[in-house]
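Single-structure report; data block below.
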Amino acid sequence: MTNPSSYYANGKLLLTSEYFVLHGAKAIALPLKVGQKLTISEGFSFDSLTWQALYDGKIWFSCEVNPSDFSVIDTNDPEKAGTLSKIFQTIKTLNPTFHPKAGTKLETSMDANPEWGFGSSSTLISLLSQWTGADSFILNELVFKGSGFDIACANADGPIFYVRNKPAQPIVLDYPFSDQLFLVYSGKKKKTSSEVSTFLKEKKVSDNLIQEISTLSDEFANCPDQNKFNKLIRQHEKIVGALIGQTPVKEQFFNNFDGAIKSLGAWGGDFYLISTAQPFSGVKKYFDNRGLTTIFRWNELILKRENQ
């Protein structure tokens with residue numbers, strides 16, 4: 001067996017411009033302090049490629065594929081295995097020199113629960129692109145058809161402005177009130193690829209709305225005051241809610257909460273951003289009482305550049 005090679009990719013959250021980013025709006029994207037690692041070991045005696053995905057020391061997905069045509073030989077999850085096979089086949093199209101050896105073992109390890117929506121798919125695309133030399137943005141577009149913000153986060157060293165099909169722009173989010181920002185898991189993971197497909201087919205977005213939401217991203221990036229920040233959240237939620245025909249999450253589920261609440265990413269799943277004057281203990285008690293028990297402080301989850 002040869003010495004293993006390894007690669008790492010950051011998880012992600014989308015602070016602004018959910019849905020709009022698909023139509024070219026400027027978004028604030030947040031790389032996370034958690035992500036996914038890929039370790040590749042060659043020289044085993046088996047004739048296939050074997051894949052094991054670990055979280056918390058336990059295998060949550062396993063697969064065996066043919067190294068010639070990437071057809072699935074065996075798996076504990078046919079849907080995920082089908083996606084993995086498609087990714088390998090697409091890589092081969094993008095990089096015809098990609099010839100993985102039989103007897104190769106690929107093992108991924110996630111720092112966070114794959115159900116949380118921190119980017120199990122986007123980090124996978126990034127990791128396999130790092131290994132094979134395929135273009136991660138093109139690979140992501142062909143397989144998942146997303147905006148690419150999550151791919152940009154995978155290798156970023158801090159928050160970024162992201163516009164689809166343009167280079168990411170590093171930014172500094174120096175919020176004096178960051179200790180009063182929290183992230184709460186909704187208890188529901190959204191399947192982003194189906195959300196994206198539905199939105200792109202059904203929604204037309206005016207240039208004026210794209211400009212309005214892009215301006216809000218600029219304001220979010222340069223906001224030293226929490227009251228103003230909360231106002232921006234309410235504005236943003238109102239605009240997105242009107243676009244997709246849904247009621248903002250605070251009005252719908254948490255109307256009596258003392259603070260502002262924003263959906264992060266596709267509405268109805270993944271994480272909420274909480275901005276409040278309450279201490280962590282008060283926030284935790286409020287959401288614990290509603291069955292939402294996974295809560296992070298902003299500063300423990302959002303990746304910052306070393307010079308911040």
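Summary value for the range 12-77: 19 percent relative contact order, contacts being C-alpha pairs under 8 angstrom separated by 6+ residues. For L32, the accessible area of its heavy atoms, probed at 1.4 Å with every protein chain present, is near 0 square angstrom. Fully extending the segment from F280 to T293, taken as 0.36 nm per residue of separation minus the present Cα-Cα distance, adds 3.4 nm. Longest stretch of the chain clear of exposed loop sites (trypsin sites (Lys or Arg not before Pro), DSSP loop, at most 11 other Cβ atoms within 10 Å, sites excluded): 205-308. Cα centroids of the range 266-308 and the range 1-51: 23 Å apart. For the range 39-194, the pair-distance distribution built from all alpha carbon pairs, in bins 10 Å wide starting at 0, is 9, 34, 36, 15, 5, 1 percent. Globularity index of the range 1-99 is 1.34 (Cα radius of gyration / 2.2 N^0.38 Å, N = number of residues). For V172 and K101, a Förster radius of 30 Å and the Cβ-Cβ distance give a FRET efficiency of 0.10, rounded to the nearest 0.05. Can you tell me which of G24, G119, G11 moves the most in a GNM of the chain? Springs connect C-alpha atoms under 10 Å apart. The residue that fluctuates most here is G24. At full extension, T39 and S6 could sit 11.5 nm farther apart than now, given 0.36 nm per residue minus the alpha carbon distance. Here the contact order of the chain, divided by its residue count and restricted to Cα pairs under 8 Å and six or more residues apart, works out to 23 percent. Suppose each label sits 7 Å from its Cα in the direction of the beta carbon; what would the E64-R305 distance come out to in nanometres? In this crude spin-label approximation the distance works out to 4.8 nm.
Relative to the longest principal axis of the Cα atoms of the chain, the long axis of helix 226-244 lies at roughly 70 degrees. Would you mind working out the accessible area per residue for the chain, using a 1.4 Å probe, and quoting it in Å²? Heavy-atom SASA per residue in the chain reads 46 Å².
Here is the size of the chain from its Cα atoms: Rg then Dmax, 20.1, 62 Å. Taking 0.36 nm per residue of separation and subtracting the Cα-Cα distance, full extension of the segment from D56 to A242 would add 63.0 nm. Taking every C-alpha pair closer than 8 Å and separated by at least 6 residues, the mean separation divided by the residue count of the range 23-133 gives a relative contact order of 37 percent. Only protein atoms count toward the accessible area here, which uses a 1.4 Å probe; on the range 197-308, the carbon and sulfur part of that area reaches 46 percent.
With R₀ set to 22 Å, the beta-carbon distance separating D258 from K228 gives a calculated FRET efficiency near 0.80.
The values are calculated or read from the model by the stated rules, or taken from the named source; none is laboratory data. Source: prediction; values computed, not measured. Note: ideal-geometry Cβ built from the backbone for every residue, glycine included; neighbour counts use all protein chains shown. Note: accessible area is taken over every heavy atom of the protein model, side chains too, but ligands, DNA and RNA are not part of it. Shrake-Rupley method; radii C 1.70, N 1.55, O 1.52, S 1.80 Å.
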